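The values are calculated or read from the model by the stated rules, or taken from the named source; none is laboratory data. Nothing here was measured: the structure is a model prediction, and the numbers come from that model. Here the Cβ is made from the backbone with ideal geometry for all residues, glycine too, and neighbour counts use every protein chain on show. Just so you know, the surface numbers come from the protein's heavy atoms only, side chains and all, with ligands and any DNA or RNA stripped out. Shrake-Rupley method; radii C 1.70, N 1.55, O 1.52, S 1.80 Å.
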Amino acid sequence: MHENTSERTGAGRGTDPGADAGAPEAIARDTVTDYWSTAVSRIRPGEILLRGYPVEQLIGRVTFAEQIWLLLRGDLPTPAQGRLLEAALVAAVDHGPQAPSIAAARMAATCGVGLNSAVATGAGLLGDVHGGAGQQCMEVLARITGGEDARAIVAEYRERRAYLPGFGHRFHPRDPRRDPLLALVAEAVDSGEVPGRALAAGLALEEALAEGRSRPVPMNIDGATAIIYAELGFPPGLGRGLFVLSRSVGILAHAWEETETGTRIKGPLPRPLLAGYHGPEPRDVER
């Protein structure tokens, strides 16, 4: 039996004299199914493919960091690439309740919202100022690997009285995460796993920043992870996304810890303390 393709696709219905004048034309099946067409995954009854790999073959055989790489990049990383990505993700998971994103998540957890909302509250605070330095540093590194001079870039930031993203830390004289991360990158460069251009650019910036200063301005976690993500070929936007993914682990842990205390409506200051006030003294309304 021959299939009537006109009926299957809806072709010609708009010209059928007997059709309702106001009836919408039928939409081709592929037009609907391709609306969210994706190369990331294929889900069918009894089947889950992630970038073409059956999920049952990935379970127990790849790390979470390798799975992240697979979904973002389309294929599995080399062992060295997977180790570098995992190191960067591990290094940035948490920086204590003094970090606004974590403090906000903990406060939200005491307000009766679900754990997902508390985590979303914290992650939602990761913006250009708190959480965006890694992406911004990757953009600066790209300028140097593209041919610009590190000293000229440092001079540009000094002239604008702006912070060079990825360097210095308001809490640590020397970020304890810098050295182990850069050592891993140096090993990968020596073994030919990554090109080393971003590492050289970051070290050149660090050297330029130290010139003329009695105390150096060492690289921080944002700078070190920016080098790793750049060496691994991630674009700056994904560098920020990977930081958010990493820090969300700490946000989750802190939100859950606060939830378990049973404390209700915990504000930014301990209850005996009140925020400072610099408005007018008490006064009466004139009638």
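Quick one: which of GLU193, GLU206 is part of a loop (DSSP other than H, G, I, E, B) and buried (at least 18 other Cβ atoms within 10 Å of the Cβ)?
None of the others qualify; the one that does is GLU193.
Can you find, within the stretch 16-70, the residue that is modelled with the lowest pLDDT among those that are in contact with a helix residue (DSSP H, G or I) (Cβ under 7 Å, 6 or more places away or on another chain) and acidic (Asp, Glu)?
Applying the filter and picking the extreme gives GLU25.
Which residue, of ALA201, ALA183, ALA275, ALA226, is hydrophobic (A, V, I, L, M, F, W, C) and assigned to a loop (DSSP other than H, G, I, E, B)?
Within the list ALA201, ALA183, ALA275, ALA226, the selection yields ALA275.
Pick from VAL119, VAL129: which is within 18 Å of the chain's Cα centre (by Cα) and at pLDDT below 95?
Answer to the selection: VAL129.
Of everything in the stretch 71-106 that's part of a helix (DSSP H, G or I) and β-branched (Val, Ile, Thr), which residue is surrounded by the most Cβ atoms within 10 Å (Cβ to Cβ)?
ILE102
Find the residue count for the stretch 120-141, including only residues that are buried (at least 23 other Cβ atoms within 10 Å of the Cβ) and either free of Cβ contacts under 8 Å to residues at least 12 places away in the same chain or closer than 24 Å to GLU260 by Cα (or both).
1
Go through (1) hydroxyl-bearing (Ser, Thr, Tyr); (2) at pLDDT 95 or above; (3) in a loop (DSSP other than H, G, I, E, B) and name the single condition TYR157 misses.
Going through (1) hydroxyl-bearing (Ser, Thr, Tyr); (2) at pLDDT 95 or above; (3) in a loop (DSSP other than H, G, I, E, B) one by one, TYR157 breaks only (3).
Assess whether PRO268 counts as being within 30 Å of ILE221 (Cβ to Cβ), open to solvent by 80 Å² or more (accessible area, probe 1.4 Å) and part of a loop (DSSP other than H, G, I, E, B).
Here the answer is yes, as PRO268 does meet what is asked.
Six or more apart or on different chains, Cβ under 7 Å: which pairs go from a residue in the stretch 183-212 that's under 20 Å from PRO236 (Cβ atoms) to one that's modelled with pLDDT of 95 or more and open to solvent by 60 Å² or more (accessible area, probe 1.4 Å)? Could you list them?
ARG197/THR145; ALA198/THR145; ALA201/THR145
Yes or no, residue by residue, for (1) more than 19 Å from ALA65 (Cβ to Cβ); (2) open to solvent by less than 40 Å² (accessible area, probe 1.4 Å); (3) at pLDDT 95 or above:
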{"position": "GLY233", "(1), (2), (3)": "no, no, yes"}
{"position": "LEU242", "(1), (2), (3)": "no, yes, yes"}
{"position": "VAL249", "(1), (2), (3)": "no, no, yes"}
{"position": "GLU257", "(1), (2), (3)": "yes, no, yes"}
{"position": "THR263", "(1), (2), (3)": "yes, no, no"}
{"position": "PRO272", "(1), (2), (3)": "yes, no, no"}
